[in-house]
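The values are calculated or read from the model by the stated rules, or taken from the named source; none is laboratory data. On a predicted model such as this, the values are computed, not experimentally measured, just so you know. Cβ placement follows ideal geometry from the backbone for every residue including glycine, while neighbour counts extend to all protein chains displayed. Side chains included, ligands, DNA and RNA excluded: accessible areas come from the protein's heavy atoms. Shrake-Rupley method; radii C 1.70, N 1.55, O 1.52, S 1.80 Å.
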Amino acid sequence: MAGRRVNVNVGVLGHIDSGKTALARALSTTASTAAFDKQPQSRERGITLDLGFSCFSVPLPARLRAALPASAAASGAEPEPGEPQLQVTLVDCPGHASLIRTIIGGAQIIDLMMLVIDVTKGMQTQSAECLVIGQIACQKLIVVLNKTDLLAEGKRQAAIDKMTKKMQKTLENTNQLSVGAPDPLAALLWEPFICWTTFMEASTEEMARFRGAPIIPVAAKPGGPEAPETEAPQGISELIEVVKKVKSMQMFHMPVTSAMQGDRLGICVTQFDPKLLERGLVCAPESLHTVHAAIISVEKIPYFRAPLQTKAKFHITVGHETVMGRLMFFSPAPDSFDHEPVLDSFDFSREYLFQEQYLEKDLAPAGTDSDEADKMTGQAAEGCCPRQQWALVEFEKPVTCPRLCLVIGSRLDADIHANMCRLAFHGVLLHGLEDKDYAESFLPRLKVYKLKHKHGFVERVMDDHSVIGRSLFKKETNIQLFVGLKVNLSTGELGVIDSAFGQSGKFKIHIPGGLSAESKKMLTPTLKKRGRAGRGEAVKPEEGAERPEPAQHVAISLSFKRYVFDTHKRMVQSP
């Protein structure tokens, strides 16, 4: 925003051949060099291959006059003549499934999304993907039912009304749906692939913002692409009237003294060959950083049918770049699941629980062992998933981006003809790791731990304060690493691992408080025959040897934490 103009960026998104470029052409009064498929490749293939930029202007509504710069008297500048204008920049995005990277990149700079629907076909796969992108990237939506001229004239209004109701159903507030009920968007497209019981209210809240969005019927290019230009578009003035209703603070395609994120800016440089310039970013010093890895907040997109697994690779879109990245998911400690989410920072002083996968309702977590896994599985089944989860993303190649930028994870290698959502999750980049040796220099600061549990049995008593244990370790385990760790006996005593006992994995436990009388009674040995001979058969002396065994088994349990990035692989127990 500069001078007497207020600019708003409107993304034009939708399925391929829904008429997005024709709509942008019908709306626009000024085009950039990248508008309306001017690239030779686009003309040759007959589809949009890159972002297109164009604009139109209308008088600035009175309610938006406050967005104008301070008066000339206050700023010392000469007042600009003429009526203040609202400038609408149209960002025409591709619709082909293989160009989803470009679509996501365009969504990074839009303030409002114009979802273009072919009224003769309704919602299609990429229409739905664009709607998911809109949920993540912007707060406002306008639905444009295009190609109304292709409907039979006598049945046109009825068909428009029917499609309008379908779209209203898709966009209605899903907060009122109980867990297990189908989401309207998923019901239209991905019903065979969605497990409804995995939906979370937190994720369906995103759709609520689009409830009641305007739905405008138009014919951007009556008669189709080959029709003469004399055919006037239909419904365009009504659509422009709806777009006055959005507030923004940017500037485009006019003489300016400054620019900001999202602006389409032309720069005149003398004696410069534009062919030598590659697409990139223009920014103030220190405003962008090149990172090799990042800590991001994560929220799964409910229409993505597969679990989000640790160590899995996804296409990660950060700013305008899309690269492959490997993820490691983690959550708060179980007693902090209900903590209020923090959306703009990451606390390195806290401890976090490693997860084998992103936790969802009704999805058993795979991030912990034994008893703790059972406990947390129960929590997830009862709807006690953490309110916030994070991931460490390690990029295959460095990316340049600002802090707190939008992150979108996708599986773009999926079959583009499959009836499925490829957008997996979204989040915010909270902390970027700029050192390429971050694994050694930085990750030890990240206190993500795994819970470990081991179980064994008491073999025999040595004295009132010592017992011998077995089955807790393997024969080859270096038991010296576990010396000093506390263990619990099923009889209630607390013990400490004292030393190894022999070479078979047995170990000695010291009982500081001594064994109780009941415990000693349980552990009093009885004689048991080792022989296996049948009745009436002679038993060999070595087979008939007797050995003492406890009268009743007493279990030993050992629990500890092991921090994922601890270079010393230490085992830690709570005090």
Going 7 Å from the Cα of residue 241 toward and past its Cβ, which residues in region 140-163 have a backbone nitrogen under 20 Å from where you end up? 141-149, 157-158, 160-161
Starting from the Cα of residue 211, step 7 Å along the direction of its Cβ; do the same at residue 83; then give the gap between the two resulting points in nm. 3.7
Packing-based order for 293-299, 456-462, using average beta carbon neighbours within 10 Å, highest first: 293-299, 456-462
Ordering of 464-475, 155-166 by packing [mean C-beta count within 10 Å, highest first]: 464-475, 155-166
Could you compute the FRET efficiency for residue 553 and residue 172, with r as their C-beta to C-beta distance and R0 at 60 Å, rounded to 0.05? 0.50
Simple spin-label model, 7 Å along Cα-to-Cβ: residue 348 to residue 464 in nm? 5.2
Around residue 565, which amide H atoms from residues at least 5 apart in sequence, or from another chain, sit under 5 Å from its own amide H, with H modelled in the peptide plane? 448
Taking 0.36 nm per residue of separation and subtracting the Cα-Cα distance, what length does fully extending residue 121 through residue 311 add? 64.5 nm
Extension gain residue 496-residue 518, at 0.36 nm per residue separation less the Cα-Cα distance, in nm? 5.9 nm
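What length, rounded to one decimal in nm, is gained on full extension from residue 321 through to residue 340, with 0.36 nm per residue of separation minus their alpha-carbon distance?
Result for the pair: 3.8 nm of gain on full extension.
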PRE reach from residue 474 (point 7 Å along Cα→Cβ): which of region 441-457 fall under 16 Å by backbone N? 453-455
Between residue 158 and residue 440, what is the label-to-label distance in nm when each label sits 7 Å out along the Cα-to-Cβ direction? 7.5
Counting only the backbone N, which residues of region 455-492 are under 17 Å from the spot 7 Å out from the Cα of residue 569 toward its beta-carbon? 473-483
If r is the Cβ-Cβ distance from residue 333 to residue 486 and R0 is 25 Å, what FRET efficiency results, to the nearest 0.05? 0.80
Can you sort 350, 445 by 1.4 Å-probe accessible area, starting with the largest? 445, 350
Residue pairs, from the table 300/569; 450/506; 436/561; 121/166; 486/569, whose Cα atoms sit over 22 Å apart: 300/569; 450/506; 436/561
